[in-house]
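Step one of this worksheet: look at the structure below.
The values are calculated or read from the model by the stated rules, or taken from the named source; none is laboratory data. Since the structure is predicted, the reported quantities are computational estimates derived from the model, not experimental observations. Cβ atoms come from the backbone with ideal geometry, glycine included; neighbour counts cover every protein chain shown.
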Amino acid sequence: MPKQSTDVRPGRAGAIAAAVKDASGTALLALGLSFPILALRTDQNMANQLVLDQRWGYVAVAVALAFLARLLYLLRLGFAAPTAPRIATPDADRAPLVRAVTIAGVVLLLAFPFLVLAAAGPTGAIKWIDNFAIQILIYVMLGWGLNIVVGLAGLLDLGYVAFYAIGAYAFALLAQHYDLGFWVCLPLAGILAAFWGVLLGFPVLRLRGDYLAIVTLAFGEIIRLVAINWVDLTRGYAGISGVPRATFFGLPFEDSEDGFAAFFGLEFLTIHRTIFFFYVILGLAAMTNWVTLRLRRLPVGRAWEALREDETACRSLGINTTNTKLTAFSLGAMFGGLAGAFYVTSRGQGFVTPESFTFMESALILAIVVLGGLGSQVGVAIAAIVLIGGTELLRELEWMKQIFGRDFEPTHYRMLIFGLAMVLVMIWKPRGVISTRMPSIFLRQRRAVRADLVGEGHG
Amino acid sequence: MEYFIQQVINGVTLGSIYGLIAIGYTMVFGIIGMVNFAHGDVFMLSAFIALIILLALTQILGITPLALALLIVLILAMVLTSLWAWAIERLAYRPLRGSFRLAPLISAIGMSIFLSNLVQVTQGPRNKPVPEILNGVFTFGDPAGYTVTLSYKQILIVAVTALLLAAFWYVVQMTSIGRAQRACEQDRKMAALLGVDVDRTISLTFVMGAALAAVAGLLFMIYYGVVHFNDGFVPGVKAFTAAVLGGIGSLPGAVLGGLLIGLIEVLWAGYFSNDYKDVATFSILVIVLVFLPSGLLGRPEVEKV
C-alpha cells in the first residue's frame, strides 16, 4: 500500500471537501447539543435563587473538538486501506511466556506490601496498600464475580451491588448481634448472599435479556431502599458502625498485651492490619479466580458459555437453562457477598451505610467487566487496575489540580468517561478492549469466520 | 372521601408525567425491541434544558409574559432534547444493530451513565431550586374540614399531556410517518422492501419519544420545583414499569400504565407509608414481568429463532 501522504488518487480534494462539510455538520450538532447544558451553568446566589453563568468558551472548545474528531475520523476512514480481518490462531508457542509472566506477577503480588513498606515507610505505605492495592483487589474480586454472571452466562445483572450490600449487612449484623468473629461471618455472609441470589434469581431468570437487566436493577434499588428504611434493623442512613474488626486468628490488631504485635514480639504499627487485609483480599480474589477457572472446564461452565452464545439452541439441546442460570447467578452473588463482608471490615472501617451501594457502584463494576472483556479473567483484572487505580492516581496528581482547580475530583469525571467508553467499546470491540474470551470449546474445523465477526447464533 | 379525591388528583398528575415518558420506552421497544435505558436520563436532561432556557428567557432576554416564556421553553426544550435523542441513536445504537445480544443494552447503559454524569459535571451536583411560577390553586370542599386543592400546575400538566397525546395519536394513526412506524414495528425487512426508509423511521421514533420526554421534563420541573442530575433514574424506572404494566409496545397501554403507576404510588404514600412507595413500584415491575409479561394491553411475545 502506498504511503497515504503521497497518494494522489482522483477525487482526493473532493473527498477532503466532503469530509470538511460532514465535519462542519458534526460541529453544528455539537453546538446544538452543548448550547444550553454547557454554555449556561445554573448556580445559586446568596438569596438561594438560580442565576446563569455564561461559559461560551467551553462550547467553542466542544465544537472545535467535535469538528476535529469527525474530520480526522473521516480522513482516516477515507484513505486507510481496508485491512483483512485477522484470523485468531491459538498460539501454543506463547504458553511458556504466559506461564513465566503469571509466576512473576504472583510473586510480585505476594511481595507487594513489603516492597511498598521498604519504599515508603510504615506511614506512607498505608495509603498505597489500602487506597490502591486493597481497593483494586476488592473491585477485581467484584469484577470476577460479576464476570461469571455477565461474561460467562450472558445474564446482564444491573443490581450486582445488591449482593455486595447483602454481604456487607449480613457481616455487620452477625458480627454485632451474635458476636461472631470475622472468619465465621465471612463464609456466612457469602452463603447468605448466594441464598439471596437463588431467591431473587429463581422467579426472574426465565425473563429475556433486557427484562432481566431491568428486574435486577429494580432488585438492587429495593435492597438499598429497604436498607435505608428499615431503621430498626439497619439504622437507616446513619448506618451500622462499630462492627468488630477482623483479628489475626484471634489476635486483635491493637496496642495491647495480647495483640498481634505483642504476640510476635513486633513493634505495634497500624500497618500490620492493612497488610493482613491485603493478604485476605488477595486470597479471596485468588479463590474467585480459581473457582471460575475450574468451573469453566466443568459441564456447568460449558453450559454457561453456550447459554451466552445462544439460549434457544441450549434449550433445544436439553440444557436446563433455569438451573444453569441460577448457578451462575448465585455463585456471582456469593462472591459479591464475600467482597461486601470484606469491605466492611477493611476499607469500611467497621462502618456500613446504604450510601455505598448505589446504582453507580453496580455501573462501575459492570464497566470493569465490559471494558475488560466479557468472560476474560485477565481483562477484568487489568480493567479494575486501570479504572480504579487510575482514578486514585489522578486524585494524587498535583498538576491536575493546577489545571482544573483545587476542588478537582476525578471521580466526577470518571463515570462520565467510563459511560462513554462503554458505548465506544460496544461499537468497536464488543467482546472487550483489553482481552477477548472465546468459548472454551467450540467446533474449530467448520467455522469459516471468527465467532466475534458474526452475529450470535449465525454463521 | 376528600382525602381520596385529593390523592387521585395528585396521582393523575404524576401519572401523566410517567405516561409521557413511558411512551418513549414503549415506542422504541416496539420498533427495535430494545429497552432504551438512557431514556430516563434524556428526560432528566430535558428538565435541565427547560430550566436553563426558562432562566435565560427571564433573566438575560427579559421576556416577562409567563405564557409566552413557557411556550418558547416548551418548543425549544422539545427541539433540543430531540436533537440529543437523535444524536444518541445515531452514535450509540444504530451501529449496534445486528451486533450481539447484550451490545445495545450495554451501550444504552453507558449512555445513561454518561448523560447523568455530564449534567453533574456541567451543572454541578446540587439540587436546583426552580423559580416559583404558577402558584395559584382552586380549593373545593368544606372550608372547616379537609379541603381538596387543585393547583394551576396540575391543570396545566393534565391539559398539556392530553393535548400532546391527542396530537401524537394523530401522527401515529393518521399520517404517513406513523404508518411507516407501524410497518417497521410489524416487519422491518418487509417495510424496507416496500420502500420505507427504516433508519429514518427509527430515528424519528427516538425523536418523538424524546420530544414527549421533554414535555414531561418541563412539567416535572414546574411541578416539583427542583431538579437534580440523578432525577432521571427513578422516574425512568417507574416510567418503564408503566410501559411494562400497560403492555410494552402498546401506546394506549403506556398512558394507562403511567396513570396506574402514578395512582398506585400516590395512594400507597397516602395510605400506607411514604418510605416504601418506590419499593412498591419496583415490586410491581418485578411482579408484572414475572407473571404478566405482556402487560394489560400488550400482545403476547412470540420468540423467533
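Structure notes:
- Answer from B:Ile63, B:Ile49, B:Ile75 - the residue that is touching a Pro at 6+ places or on another chain (Cβ under 6 Å) and either modelled with pLDDT under 90 or of a type in the set (A, V, I, L, M, F, W, C) (or both): B:Ile49
- For region A:175-185, the criterion of being over 19 Å from the mean Cα position of the chain (by Cα), closer than 19 Å to A:Gly283 by Cα and outside any helix (DSSP H, G or I) is satisfied by at least one residue.
- Extreme residue, nearest to B:Glu185 (Cα to Cα), among residues of region B:29-46 that are part of a helix (DSSP H, G or I) and modelled with pLDDT of 90 or more: B:His39
- Options A:Leu146, A:Leu156; residue that is within 14 Å of chain B (Cβ to nearest Cβ) and outside any helix (DSSP H, G or I): A:Leu156
- Within the option set B:Pro252, B:Pro235, being within 14 Å of chain A (Cβ to nearest Cβ) and not in a strand (DSSP E or B) holds for one residue only, B:Pro235.
- Residue count, region B:26-40 (criterion: within 10 Å of chain A (Cβ to nearest Cβ) and at negative phi): 6
- Looking across A:Ala339, A:Ala313, A:Ala363, A:Ala384, one residue alone is within 30 Å of A:Gly242 (Cα to Cα) and within 13 Å of chain B (Cβ to nearest Cβ). It is A:Ala363.
- The C-beta contact set for region B:120-137 (first residue more than 9 Å from every other protein chain (Cβ to nearest Cβ), second residue among the basic types (Lys, Arg) and surrounded by 13 or more Cβ atoms within 10 Å (Cβ to Cβ), distance under 6 angstrom, 6+ apart or interchain) comprises B:Leu134/B:Lys153.
- Residue match in region B:197-209 (condition: within 14 Å of chain A (Cβ to nearest Cβ), modelled with pLDDT of 90 or more and either more than 18 Å from the chain's Cα centre (by Cα) or in a helix (DSSP H, G or I) (or both)): yes
- Scan region A:53-69 for residues that are crowded, with 18+ Cβ neighbours inside 10 Å and within 20 Å of B:Ile60 (Cβ to Cβ) and the total you get is 1.
- Qualifying positions in region A:215-227 - touching a Phe, Trp or Tyr at 6+ places or on another chain (Cβ under 6 Å) and not basic (Lys, Arg): A:Ala218, A:Glu221, A:Ile222
- Residue match in region A:169-185 (condition: surrounded by fewer than 24 Cβ atoms within 10 Å (Cβ to Cβ), out of contact with any strand residue (DSSP E or B) (no Cβ under 6 Å at 6 or more places or on another chain), among the hydroxyl-bearing types (Ser, Thr, Tyr) and more than 13 Å from chain B (Cβ to nearest Cβ)): yes
- A residue that is within 14 Å of chain B (Cβ to nearest Cβ), surrounded by fewer than 24 Cβ atoms within 10 Å (Cβ to Cβ) and either free of Cβ contacts under 8 Å to residues at least 12 places away in the same chain or not in a loop (DSSP other than H, G, I, E, B) (or both) occurs somewhere in region A:318-328.
- Of A:Gly379, A:Gly337, all but one fail to be part of a helix (DSSP H, G or I) and over 16 Å from A:Met422 (Cβ atoms); the exception is A:Gly337.
- Take the conditions (1) part of a loop (DSSP other than H, G, I, E, B); (2) surrounded by fewer than 23 Cβ atoms within 10 Å (Cβ to Cβ); B:Phe229 misses just one of them, which is (2).
- Here B:Gly270 passes the criteria (1) within 14 Å of chain A (Cβ to nearest Cβ); (2) surrounded by fewer than 22 Cβ atoms within 10 Å (Cβ to Cβ); (3) small (Gly, Ala, Ser) except the one numbered (1).
- Test for A:Gly209: is it buried (at least 20 other Cβ atoms within 10 Å of the Cβ) and within 22 Å of the chain's Cα centre (by Cα): no
- So B:Leu297, is it more than 13 Å from chain A (Cβ to nearest Cβ), surrounded by fewer than 24 Cβ atoms within 10 Å (Cβ to Cβ) and assigned to a helix (DSSP H, G or I): no
- Only one of the numbered conditions (1) out of contact with any Pro (no Cβ under 9 Å at 6 or more places or on another chain); (2) part of a loop (DSSP other than H, G, I, E, B); (3) more than 23 Å from A:Phe342 (Cα to Cα); (4) not β-branched (Val, Ile, Thr) is violated by A:Leu207, and that is (1).
- If the condition is being touching a helix residue (DSSP H, G or I) at 6+ places or on another chain (Cβ under 8 Å) and in contact (Cβ under 8 Å) with a residue 12 or more places away in the chain, then region B:53-69 contributes B:Ile53, B:Leu54, B:Leu57, B:Thr58, B:Ala69.
- Residue in region A:408-422 that is modelled with pLDDT under 80, among the aliphatic types (A, V, I, L, M) and more than 30 Å from A:Arg235 (Cα to Cα) present: no
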